[in-house]
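Only the coordinates and a few stated rules stand behind these numbers; no lab work does. The shown structure was predicted, so the numbers you read here are calculated from the model rather than taken from an experiment. Methodologically, a virtual Cβ is constructed for each residue, glycine included, from the backbone with ideal geometry; neighbour enumeration extends over all protein chains shown.
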Amino acid sequence: MRDKVAFAGIGTTRYGSFPESDSYGLGCEALNMALDDCGLKPSDIDGLIVSRIPSYERFAETMGINPQFCLLTETAGRFSGVSLALASQALYSGAAKYVALVYGNNGRSVRVRYGGGDSQWSPWGMTSPGAIHAMMWRRHMHEFGTTHADLGPVATAFRHHACLNPDAVMHGRPISLLDHDRSRPICEPLQLLDYCLINDGAVAWILTTAERAKDLKRPPVLLSGYARQDNFTYRSSPPDDYWYGNLSATRSVYDRAGIGREDIQGLGIYDNFSPTVMFSLEGLGFCKQGESGDFVRDGTLQLGTGRWPTNTSGGHLSDSYMQGWGIIAECVRQLRDDCGARQIPNVQAMQYICATNIAQSAILRRAA
Amino acid sequence: MSLDTRPKPLIDNWNRPFWEAAKQDKLLIQKCQDTGQCFFPPAPVSPFTGKPRWEWIEASGKGELWSFVVFHQSYFEGMKDELPYLVGMVKLAEGPFMLTNLWDMHPDDAKIGMKLSVRFPGGPGDLVLPQFGPEE
């Protein structure tokens with residue numbers, strides 16, 4: 001499937017708190033932006049994937065779309081990449097010609113709580129995705145000698161990027177390593193500035209075949225490669241290997257894309273919590289396992305100073321919590337030179353990485 | 001600190017024997033009869049074979065501290081008084097992991113790799129929540 005499928009249209013709403021709308025309203029807004037971006041109408045859409053919007057039927061009804069390929073995904077952020085792969089397979093197999101993927105989230109205005117509620121471990125007070133990552137990072141600190149301070153350059157690099165991005169929730173609010181160190185503990189060893197934001201917003205992508213994309217308004221961005229490996233062993237407790245095994249398996253993304261790491265100029269890494277960035281860098285082999293602290297220390301992930309500018313919009317930590325959908329949209333925008341003050345110079349290819357029990361990586365590049 | 005106000009467990013057909021045994025100060029886990037490996041949380045089949053050939057065994061109650069976290073954020077009304085509280089990830093001597101509390105321990109006393117053993121100090125209603133502390 002190398003270079004057979006393209007991003008033709010991208011839409012992202014404002015990010016913040018919008019109690020006057022909901023995930024349907026925001027999703028429609030993002031999809032209309034994506035349709036305008038590529039010059040298509042709702043009636044052109046014959047494939048639809050909806051995420052975090054409660055009903056695919058209601059959404060399709062609302063937008064007047066009657067597709068031949070349609071589904072609703074689970075809300076976890078790993079499903080942004082999963083949806084990308086499913087849409088690509090549908091396009092490649094001929095099941096659809098133009099697939100709209102729409103993610104809408106009003107978690108801020110309805111005060112969604114990540115944690116609490118009944119679960120296997122709730123009687124012991126164990127709850128929330130943040131606690132799972134805190135458990136893993138504590139073990140990582142023990143096993144490899146990393147520290148909480150090693151996470152600081154991740155948080156500060158992404159905040160620096162948000163300050164270059166007028167649309168980011170945290171635009172205009174710079175932070176220092178000291179701010180990271182002194183932020184309040186949430187679930188130790190993690191602190192507030194290791195956690196992603198919670199905000200409302202929506203993202204839409206329109207994908208089509210590379211061939212069809214040539215006839216649309218914007219320069220196509222190609223999906224050059226995608227790799228995924230799941231690991232559900234011990235899924236009831238935090239993984240004991242930081243997903244290193246299944247992340248390592250996704251290094252096959254380079255073979256699939258036909259380009260090497262050295263041909264890539266920037267990264268989009270799923271950053272629900274700062275440690276996932278470290279696990280991603282180690283798992284994909286940007287540094288050896290256990291050495292991510294040294295790797296990021298001197299601004300490696302920061303625009304202007306580092307070889308690997310990462311999450312140039314600000315990511316989930318500082319731009320917007322759009323669960324991977326926004327991070328992939330930013331990769332597309334980089335490859336269209338749409339990023340203004342946060343543009344990576346001469347960018348030809350971007351890599352997306354998501355460290356979860358469904359480990360994934362994708363490589364996007366400019367059409368020749 | 002009291003365990004009386006803790007969230008109640010979700011009891012289902014598979015874990016009911018675990019919760020009944022905890023009332024008798026016993027830690028039950030499942031053992032795969034084909035591979036001899038143990039697993040937890042309770043499940044209908046062995047994850048090592050996919051087959052329903054397993055038996056309950058009483059675990060030794062010993063394990064080591066794999067990792068731990070300290071909660072400062074309140075997620076459960078009945079645990080507000082315990083904040084900040086410790087949750088440990090314990091690797092049982094028999095192999096599986098359990099998430100549990102480090103009973104009567106201060107965060108400074110928690111050391112990854114330390115030997116732990118189970119105790120049964122109480123729980124919500126008539127239920128008992130296994131807790132772990134320094135090996136006795």
Taking segment B:121-136 and keeping only residues that are away from chain A (no Cβ under 13 Å) and touching a residue at least 60 places away in the same chain (Cβ under 8 Å), one is left with B:126, B:135
Failed condition for residue A:128, given (1) at the interface with chain B (Cβ under 9 Å from one of its Cβ atoms); (2) surrounded by fewer than 16 Cβ atoms within 10 Å (Cβ to Cβ):
(2)
Of the residues B:104, B:108, B:25, B:34, only one is free of Cβ contacts under 8 Å to residues at least 12 places away in the same chain, more than 10 Å from chain A (Cβ to nearest Cβ) and surrounded by fewer than 18 Cβ atoms within 10 Å (Cβ to Cβ); which?
B:108
Filter segment A:250-306 down to residues that are among the acidic types (Asp, Glu) and buried (at least 24 other Cβ atoms within 10 Å of the Cβ) and give me whichever is farthest from the chain's Cα centre (by Cα).
A:282
Index of the failed condition, residue A:205 passing every other in (1) in contact with a Leu (Cβ under 6 Å, 6 or more places away or on another chain); (2) within 14 Å of chain B (Cβ to nearest Cβ):
(2)
Positions within segment B:90-101 being within 9 Å of chain A (Cβ to nearest Cβ), over 14 Å from residue A:123 (Cα atoms) and of a type outside the set (D, E, K, R), in sequence order:
B:96, B:97
Residue A:55 being more than 21 Å from residue A:224 (Cα to Cα) and either among the acidic types (Asp, Glu) or free of Cβ contacts under 8 Å to residues at least 40 places away in the same chain (or both)
yes
Can you run down the residue pairs with Cβ atoms below 6 Å, 6 or more apart or on separate chains, where the first is in segment A:297-318 and within 15 Å of residue A:350 (Cα to Cα) and the partner is among the aromatic types (Phe, Trp, Tyr) and not in a loop (DSSP other than H, G, I, E, B)?
A:311/A:158; A:315/A:158
Name the one entry in B:60, B:117, B:46, B:74 that is free of Cβ contacts under 8 Å to residues at least 24 places away in the same chain, of a type outside the set (Val, Ile, Thr) and more than 24 Å from residue A:132 (Cβ to Cβ).
B:46
Does any residue of segment B:52-73 turn out to be surrounded by fewer than 21 Cβ atoms within 10 Å (Cβ to Cβ), in contact with a Lys or Arg (Cβ under 8 Å, 6 or more places away or on another chain), facing chain A (nearest Cβ under 7 Å) and not charged (D, E, K, R)?
yes
Residue B:94: surrounded by 15 or more Cβ atoms within 10 Å (Cβ to Cβ) and closer than 23 Å to residue B:8 by Cβ, yes or no?
no
The residue that is surrounded by the fewest Cβ atoms within 10 Å (Cβ to Cβ), considering only those in segment A:148-198 that are among the hydroxyl-bearing types (Ser, Thr, Tyr) and within 14 Å of chain B (Cβ to nearest Cβ), is A:183
In segment A:237-278, which residues are touching a His at 6+ places or on another chain (Cβ under 8 Å) and either over 26 Å from residue A:197 (Cβ atoms) or more than 14 Å from every other protein chain (Cβ to nearest Cβ) (or both)?
A:270, A:271, A:272, A:276, A:278
Mind checking which residues of segment A:108-118 are within 12 Å of chain B (Cβ to nearest Cβ) and either surrounded by fewer than 16 Cβ atoms within 10 Å (Cβ to Cβ) or more than 22 Å from residue A:240 (Cβ to Cβ) (or both)?
A:113, A:114, A:116, A:117, A:118
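Being among the basic types (Lys, Arg), in contact with a helix residue (DSSP H, G or I) (Cβ under 9 Å, 6 or more places away or on another chain) and farther than 18 Å from residue A:194 by Cβ is the requirement here; does residue A:297 meet it? Outline the logic, then answer.
Numbers: among the basic types (Lys, Arg): yes; in contact with a helix residue (DSSP H, G or I) (Cβ under 9 Å, 6 or more places away or on another chain): yes; farther than 18 Å from residue A:194 by Cβ: no.
Here the answer is no, as residue A:297 does not meet what is asked.
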Looking at residue B:84, is it more than 13 Å from every other protein chain (Cβ to nearest Cβ), out of contact with any Ser or Thr (no Cβ under 6 Å at 6 or more places or on another chain) and without any contact (Cβ under 8 Å) to a residue 60 or more places away in the chain?
no
